[in-house]
Structures are given as C-alpha cells and as structure tokens.
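Below is one structure; the comments refer to it alone.
The values are calculated or read from the model by the stated rules, or taken from the named source; none is laboratory data. A quick note: this is a predicted structure, and the numbers were derived from the prediction, not measured. Because the Cβ atoms are built from the backbone with ideal geometry, glycine has one as well, and the counts that use them run over all protein chains shown. The area values use the complete protein model at the heavy-atom level, side chains included, leaving out ligands, DNA and RNA. Shrake-Rupley method; radii C 1.70, N 1.55, O 1.52, S 1.80 Å.
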Amino acid sequence: MLLVGIPGAIFSLFILHYFVNTDLYTPLAFNIIVVLLLLSAIINGIQSRFLNEKIEATKYSFPQLITSGAVAGSISAMSGLGGGIVLIPILKHWLKMGIMKAKSISIGMIFISTLVMSVFNLLENVAVSLPYTVGLIVFPVVIPIIAGVLVGSPLGVYIAHRLKARVVNRSFLVLMVLVFSKKFYDLIQILIS
C-alpha cells in the first residue's frame, strides 16, 4: 500500500502545485479530463459485466507499484477522481490484481493522499483569507462534509452488504452515467461559449 500511496501523494502534490494551480489548467482542460475518465470507467463497467477475469498475479514489482501510484496520483490531482475510477482499473488491468486487493490498496492510497493534501492545503498561503479558514481549508464547509462521511460511510457499507453485488455495481454505473452526462453538458457549454 505504501509503495502505491506515497508516490501517489507526491505526484498529486507536484501536479497540483505546478499544473492545476496555474493558469495552464482551465475549466476546459478539467472537463475534458473528467469526461474522458468517466467514459473510460463506464465502458469498463459495462465490459466487466460480460467478462469473467479470474487471472490474478501474485507478485508485483517495485517499479510497477510506484508507477501505478504516480499515475493514479497525477490523474487524481487533475480530475478530483480517485480510487474507483483511476487506481482500481490500473491495478486490476495492468497488474492483474484481484479486485478485493485493489480496493484495499485504493482505500489506503486515498487515506495517504488525503492526509498529505490536507496538510499541504492547511499550510498554503492565500492572498485573501476568509473567516474560519486556515490556508485553503474552509472549516464551515469541511466540518459538515466530515460529519456526512462519518455517518454515510458505515451506512453505505451496511446497505452494500445487504444488496447483491450486481445491484451495487449497476447503481455505481448509473451514478457514473449521470455524472458523465453533467460533465459532458458542462464541456459543451464551455466549447460553445
């Protein structure tokens, strides 16, 4: 997990600082990246319904794990999308990792990246400071989100364990299609304006 999470966090910080937080990164670039990633995830989700991949590698090389983390961290920094859309497909298709192991590593990477990015954002110097903020962290926004995650995560796990895997997968696919539709609409609006 550390061999994926640490490079992911480092590359996220690098891409965030030297690309995303610059004038080079526009709403058009953001929407193109998100639309392409979601389209890839939707296609992957549809294909996985028809494919039964049972091949699982047992050994993963040091460079493969570091590269997986670096690529996933870079893409996550540019898109805001994480494990389920970026890292799990990389681990599953490139490294032939089983889905359960890929999910576990993805959750670990999310923890490491979130911790590093939160500290970075807390220490960021901002030109205009808003009330109840430290760096880029706006506590009146963050606190309700944390509360929602603390309540919603166990609830989601509870519900998911009582549903068939097919229902959970289809629900996630429907959600991705809805988000893709919204981001595609945003992209079109940017292109015609």
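Observations on the structure shown:
- When the solvent-accessible area of the chain is split by element, carbon and sulfur atoms take up 73 percent of it, the probe being 1.4 Å.
- Maximal additional length on extending the LEU191-VAL167 stretch stands at 5.1 nm, based on 0.36 nm per residue less the C-alpha distance.
- Packing-based order for 149-156, 100-107, 133-140, using average beta carbon neighbours within 10 Å, highest first: 100-107, 133-140, 149-156
- Computed FRET value (nearest 0.05) for GLU124 with THR67, which takes r as the C-beta separation and R₀ as 30 Å: 0.60
- Given LYS103/LYS164; LYS92/LYS164; LYS59/LYS183; LYS59/LYS164; LYS103/LYS183, the pairs whose alpha carbons are separated by over 27 Å: LYS59/LYS183; LYS59/LYS164
- Of the DSSP H helices in the chain, those that are both long (alpha-carbon extent of 30 Å or more along the helix axis) and hydrophobic (Kyte-Doolittle mean at least -1.0) are 27-50, 99-123, 139-162, 165-192.
- Accessible area per residue, Å², the chain with all protein chains present, probe 1.4 Å: 65
- Based on C-alpha pairs under 8 angstrom that are at least 6 apart in sequence, the stretch 61-193 has a relative contact order of 11 percent.
- Label of the coordinate-derived value, P(r) over Cα pairs in 5 Å bins from 0, in percent, listed as (i) 1, 8, 16, 20, 22, 17, 10, 4, 1, 0, 0; (ii) 1, 7, 12, 16, 19, 19, 14, 7, 3, 1, 0; (iii) 1, 7, 14, 17, 17, 13, 8, 6, 5, 4, 3, 1, 1, 0, 0: (ii)
- Over the stretch 38-131, relative contact order from alpha-carbon pairs under 8 Å, at least 6 apart, %: 25
- Nitroxide proxy distance, nm - points 7 Å out along Cα→Cβ at ILE143 and ILE46: 4.5
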